[in-house]
Amino acid sequence: MQIQLVSKDNHELDAYVSSPQNEEKGSIIVIQEIFGITSHIESVCQSFANEGYKTIAPALFDRFEKNIVLDYSQIEEGKSYKVRLDITHAMNDIDAAISICDSPVAIVGYCFGGMLAHIAASELKMNCAVSYYGGLIAENHLDQSPSCPIMYHFGEQDMAIPMKSVDLIKQYYPEAISTPTLMQDMDLTVK
């Protein structure tokens, strides 16, 4: 289901929401990759909802144009949106999603969203965060220290995120849980 959120700078953005059929255990904010709110992100939201979590995926690229959904072959276009998105605006939009939650909140981010989950865990109020293969954390965001429990997942053979970056994150945040896996073994759905 699509809803509309309003961030604190009065920007209106869409969000995809999946709600549990039964009692709500908590809320999960799912932060997109550079491809927008794709069918993959929607299925992740539905998987979490099936496990009892209200799940919200804010459309962060709505600041440029509504309904941006890219094919995985459009990586360069996705990168251009990522570069143009102001981090403060992204945090405002994520916070708008958090603000409509009545239960404990977790953030789960993938790739670009994994980096944003790390930043959000440092700047926003939530109960915990999970970053899947979050890029550029070691290179640009080590000065931002998460204020809630966070778990990082990285592929041991991920060409985009070198293990030296993963090791640096472990060094800076020894209390965080870091789970290296083979990319082909990474199942991003809830079981």
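Only the coordinates and a few stated rules stand behind these numbers; no lab work does. Model, not experiment: these values are computed from the prediction. Glycine also receives a Cβ, built like all others from the backbone with ideal geometry; neighbour counts cover every protein chain displayed.
How would you rank 67-75, 149-157, highest first, on the average number of other Cβ atoms within 10 Å across their residues?
Per-residue mean Cβ counts within 10 Å order the peptides as 149-157, 67-75.
Adding -39500 (n - 2.57) for every DSSP H run of four residues or longer, then dividing by how many residues the chain holds, sets the calculated 222 nm ellipticity at -9500 deg cm²/dmol.
Which of THR88, THR38, THR55 has the fewest other C-beta atoms within 10 Å, and how do the rest follow up to the most? Could you put the intermediate results ahead of the total?
Values: THR88 11, THR38 17, THR55 29.
Exposure proxy ranking, most exposed first: THR88, THR38, THR55.
Need one word for the range 2-185: rounded, prolate or oblate. Basis is the Cα gyration tensor (sqrt eigenvalues a ≥ b ≥ c); a/c below 1.5 gives rounded, then a/b vs b/c decides. Cα axes put the range 2-185 in the rounded bin. In order along the range 78-90, the phi-based Karplus estimate (6.51 cos²θ - 1.76 cosθ + 1.60, θ = phi - 60°) of 3J(HN,Hα) comes to x, 4, 5, 5, 4, 5, 7, 6, 5, 4, 4, 4, 4 Hz; Gly and Pro are listed as x. Amide H contacts of PHE154 (H built 1.01 Å from N, in plane; Pro and chain starts excluded): TYR133, THR179, THR181 sit under 5 Å, all sequence-distant by 5 or more or on other chains.
If a spin label sat at a point 7 angstrom from the Cα of GLU42 along the line to its beta carbon, the backbone N atoms of the range 59-103 nearer than 13 Å would be those of 67-70. A simple spin-label model places the labels of ASP167 and HIS11 3.7 nm from each other, with each point 7 Å out along Cα-to-Cβ. Applied to the range 141-154, the Karplus parametrisation 6.51 cos²θ - 1.76 cosθ + 1.60 on θ = phi - 60° returns per-residue 3J(HN,Hα) values of 9, 5, 6, 9, 9, x, 9, 9, x, 9, 10, 10, 10, 9 Hz, with x for Gly and Pro. The charge dipole of the chain, taken about its Cα centre with unit charges on the Cβ atoms of Lys, Arg (+1), Asp and Glu (-1) only, comes to about 180 debye.
If you plug the beta carbon distance of SER73 and LEU136 into 1/(1 + (r/R0)^6) with R0 = 25 Å, you get a FRET efficiency near 0.70.
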